[in-house]
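One structure is given here, and the rest of the page talks about it.
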Amino acid sequence: MNSRFALLFASIVSLYSSAAGQTIQPTGPIQQVHTGFQFTEGPAASDDGTLYFTDIPNTAIHRLSKTGELSLLTDQSNHANGLWPLSSTQLLACEMDGAVVMHDLSGDSPHRIVLADSFAGKRFNACNDLVVDHHGGLYFTDPQYRAPEPWPQTERCVYYVANFETDPQVTRLTGDINAPNGIGLSPDGKTLYVIPSMQAEMLAYDVLGPGKIGSSRVLCTVKQVEGETARGGDGMAIDVEGNLYLTTHLGIQIFSPKGEARGIVAFPEIPANVTFGGPEFKTMYVTARKSLYSVEMPIEGFREFPAN
């Protein structure tokens, strides 16, 4: 483990404070866990303590054991981005080559199963990130990054795949969004969050039923890099209190469920995605360009595992 940046970047840049909540800050130093990748993304921790993450340009999915051993799950990921462990033997992935898939890890080598790869007879643009609900369905974003020109889907939208393990049925839920990227559900499952990358306003939708959402509303506006006005977020994670952790060019920007700013955690490299893991689920893992980082946080991450 490389802890070269452990003390240098442990400081927190606090946002304007809110009377409704205190600033959230790390309880320990930032650690560089591994480096030397091309572009890391999609961190996701399974219930057995394994952490998965992707290296998009290298078409790789890596796994980090709970004892710290790094191994390669596959080097044929079709530019996988966001990941979601269903169990110790099932891993969902959004492939930027245009599909949402499940990797069966029960055998000697992963077996790839396509869950959805088209809508209205055309392939998806570049599936990016996903979240699973408690009704046997999943939501995912489909922006334009790495998509063929012209885009196969003429809009950049959010989709829902019902019954994805038995009889996948795809529904388009939104119209065009400015690069919908990260996505998540509130702990009670009543709010869907969508994190666009090409606007400062982050979006929230009331969940009316499985795969049914209301109109969008602005949850919060992310703080901008000096001189910029429309940089958005990338990935996101949620803690048990419903606070949102959004990856931005300034670091991890934290917001309450009401959209109140609660702090920024800065990193040596620009973060792309974030999740919680570790023994108490208080370790925040961050994929940032060429590296994977970790830092201990005071609030437990929400264990977003579907009901069995």
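The values are calculated or read from the model by the stated rules, or taken from the named source; none is laboratory data. Since the structure is predicted, the reported quantities are computational estimates derived from the model, not experimental observations. Cβ atoms come from the backbone with ideal geometry, glycine included; neighbour counts cover every protein chain shown. These area figures cover heavy atoms from the full protein model, side chains too; ligands, DNA and RNA do not enter into them. Shrake-Rupley method; radii C 1.70, N 1.55, O 1.52, S 1.80 Å.
Scanning region 78-112 for residues that are assigned to a loop (DSSP other than H, G, I, E, B) and among the acidic types (D, E), which turns out surrounded by the most Cβ atoms within 10 Å (Cβ to Cβ)?
Out of the qualifying residues, it is D97.
For region 154-228, which strands (runs of 3 or more DSSP E) that fit wholly inside it have 3 or more residues that are open to solvent by 50 Å² or more (accessible area, probe 1.4 Å) and farther than 20 Å from G259 by Cβ?
169-172
Search region 166-186 for residues that are closer than 25 Å to T247 by Cα and small (G, A, S) and pair each with any residue that is at pLDDT below 95 and surrounded by 15 or more Cβ atoms within 10 Å (Cβ to Cβ) when their beta-carbon atoms are under 8 Å apart and the residues are at least 6 apart or on different chains.
If the second residue must be at pLDDT below 95 and surrounded by 15 or more Cβ atoms within 10 Å (Cβ to Cβ), the pairs left are G184/E304.
How about region 57-77: which of its residues are crowded, with 16+ Cβ neighbours inside 10 Å and either at pLDDT below 95 or not charged (D, E, K, R) (or both)?
Once the filter is applied, which keeps residues that are crowded, with 16+ Cβ neighbours inside 10 Å and either at pLDDT below 95 or not charged (D, E, K, R) (or both), region 57-77 yields N58, T59, A60, I61, H62, L64, L73, T74, S77.
Going through region 113-128 one residue at a time, which ones are open to solvent by less than 10 Å² (accessible area, probe 1.4 Å) and under 24 Å from G189 (Cβ atoms)?
A116, C127, N128
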